[in-house]
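Where a number appears in this text, it was derived from the coordinates with a stated rule and is not lab data. Source: prediction; values computed, not measured. Heads up, the Cβs are rebuilt from the backbone with ideal geometry, glycines too, and the neighbour counts pull from every protein chain shown.
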Amino acid sequence: MYKILHIVREGYPFLCGYVLRTENLLNNIDHNVYKIDVVSSIFSNSLEQLKQGNHFIHNKRKYYNMLSKRIFIINQIFKKIPFIRFVAQYIYIIINTCKICVNINIDAYDVIHGHSTFLNGVSAMILAKCFNKPFVYDVHAVDFEKLDKNIIKRKLENFFETMIINNADAIIAIDQLLKQKIIKKINTIDQKKIYVAPNGVDNNFFRKVQISNIKNQFKVGIDKSKILENFSFIYNNMEKINEKIPNIHFYVIGDKEGLKSNEWMTFLNGISFNKMPDYYSQLDLFIIPRVKNYQTKSITPLKVLEAMSCETPVLISDVKGLTCCIENNSTGYIYRNDDIDDFINVLYHIVHNNNRVKIGKAARSWILNNRDWSISARVYETVYKNVLKIL
């Protein structure tokens, strides 16, 4: 049995998209061949992670937690002082690397598998090189081109990201477009060592649930947990939307501001993960009006896949991280990004068209054939076989 050490930024039980991806992929790896242990680094800001203690067992995997109470408190202070935070994060790389080295027997592992961000990846790279282990790097997002007002910060990030990628024995990209971006930037890289393991969904958990629906109301779901989800695009145009589609009602998740529900919107801040299939199943439509930036060009959010798996039709903006899994009017619907008139026209068509059930079933069928987590887990296994030179 081969032992793989995953060094992640944040780990279980913190339930964000980053952690859900890692957890589902590790759950689907052949545990008769590979034994997986996980280290969560000091770069986490998860209070849930801190409460777990220094080490614990979950799903028969050992989890080691490098985050301490002292570091957690210091992190909260540094958040408010950008320059000190910028300098401290590079010192943290050394601290994180040393803590892992002291607390874990690196020699016991056959492969070191580091995950984004680059700060976390540098620690994994150093340990792999020092202990002469194959090094795999899971990269989720890079933006080599962007050089904003923080030009020194961006140049350092690009330098370290490039260094990690060049030194990895294998790179796992979250999307084909991200792979192409890496090849374009680092034209000396061996393309054969870049693999694509896209985001997926647990289709046994995310499936349509039969529940009673509210009549005379077209129910639309939307996420406002992050700025890039572009909830303001809907919120600021609500009167215009309602004027053309008066029976529409939005069920909003991820509200962190405590907004009050009104005649057009119900804010559902406290939905637990286990209740998400119920949430998707009650909707007539789930919308994702994401903005265009370097992240949304290559990252497919889990929520679009979850809704599709529950046979809930989705309406998305035309950003590449979304359009890669939607065929317009076949497995979902697409509108022109930030074009409110096109959004309303497409939405009006959806509300007054009776093909939503057909679209929902086609979406789930696509998920089953293309985005089950087991598919990406096989990519991980292929990577391990190649770096370990297993025939």
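Full extension of the chain between His55 and Tyr2 gives 17.0 nm of extra length, using 0.36 nm per residue less the Cα-Cα distance. Taking Cβ atoms as reference points and 15 Å as the exclusive limit, the residues near Ala363 contribute a net charge of +3, counting Lys and Arg as +1 and Asp and Glu as -1. For Cα extents along the principal axes in Å, the candidate list reads (1) 50, 45, 41; (2) 77, 40, 38; (3) 64, 50, 42; the entry that matches the value derived from this model is (3).
Taking one quarter of the surface of the convex hull spanned by the alpha-carbon atoms of segment 218-370 gives a direction-averaged projected area of 8.3 nm². Amide H contacts of His58 (H built 1.01 Å from N, in plane; Pro and chain starts excluded): Tyr63 sit under 5 Å, all sequence-distant by 5 or more or on other chains.
Karplus-derived 3J(HN,Hα) values for segment 295-303, using 6.51 cos²θ - 1.76 cosθ + 1.60 with θ = phi - 60°, are 6, 6, 6, 10, 9, 8, x, 4, 4 Hz; glycine and proline are entered as x. Applying the Karplus relation 6.51 cos²θ - 1.76 cosθ + 1.60 with θ = phi - 60° to segment 82-99 yields 3J(HN,Hα) values of x, 5, 5, 4, 4, 5, 5, 5, 7, 5, 4, 4, 5, 4, 4, 4, 5, 4 Hz, where x marks Gly and Pro.
In this calculation the C-beta distance from Ile186 to Thr382 is compared with R0 = 25 Å, giving a FRET efficiency of 0.70.
So how much slack lies between Ile340 and Lys62, counting 0.36 nm per residue of separation and subtracting their Cα-Cα distance, in nm?
95.2 nm
Over all Cα atoms in segment 224-284, the spread is summed up by Rg and Dmax: 12.1, 35 Å.
When each of the peptides 230-236, 253-259 is scored by the mean number of other C-beta atoms lying within 10 Å of its residues, the order from highest to lowest reads 230-236, 253-259. If you plug the beta carbon distance of Gln176 and Ile73 into 1/(1 + (r/R0)^6) with R0 = 51 Å, you get a FRET efficiency near 0.80.
Compute the length gained on full extension between Leu47 and Asn27: take 0.36 nm times their separation in residues and subtract their Cα-Cα distance, giving the result in nm to one decimal.
4.8 nm
Computed log10 I(q)/I(0) for segment 29-89 at 0.15, 0.21, 0.25 Å⁻¹: -0.55, -0.81, -0.99, from the Debye equation with unit scatterers placed on every C-alpha and solvent omitted. Of Met308, Met265, Met1, the sequence from fewest to most neighbouring Cβ atoms within 10 angstrom is Met1, Met265, Met308. Quick one: Cα centre-to-centre distance for segment 1-52 and segment 346-390, in angstrom? Value for the Cα centre distance between the two parts: 23 Å. In the frame of its principal axes, segment 153-266 has Cα extents of 59, 38, 26 Å, reported largest first.
Rounded to the nearest 0.05, the FRET efficiency derived from the C-beta distance between Leu228 and Ser374 at R0 = 35 Å is 0.80. Considering helices alone, the calculated mean residue ellipticity of the chain at 222 nm is -12500 deg cm²/dmol, with DSSP H runs of length four and up weighted by -39500 (n - 2.57) and normalised per residue.
The antiparallel fraction among DSSP beta bridges confined to the chain stands at about 10%.
Amide H contacts of Asp138: Gly114, His115, Ser116, Ile172, each under 5 Å away and 5 or more positions distant or on a separate chain (H built 1.01 Å from N in the peptide plane; Pro and chain starts excluded). Whole angstrom only: what separates the Cα centroid of segment 277-312 from the Cα centroid of segment 178-242? When both Cα centres are located, 4 Å separates them.
Residues whose amide H lies under 5 Å from that of Val196, counting only those 5 or more places away or on a different chain, are Ala173; hydrogens are built 1.01 Å from N in the peptide plane.
With θ taken as phi - 60° and the Karplus curve 6.51 cos²θ - 1.76 cosθ + 1.60 applied, the whole-hertz 3J(HN,Hα) list for segment 352-361 is 9, 10, 9, 9, 5, 5, 4, 4, x, 5 Hz, x standing for glycine and proline.
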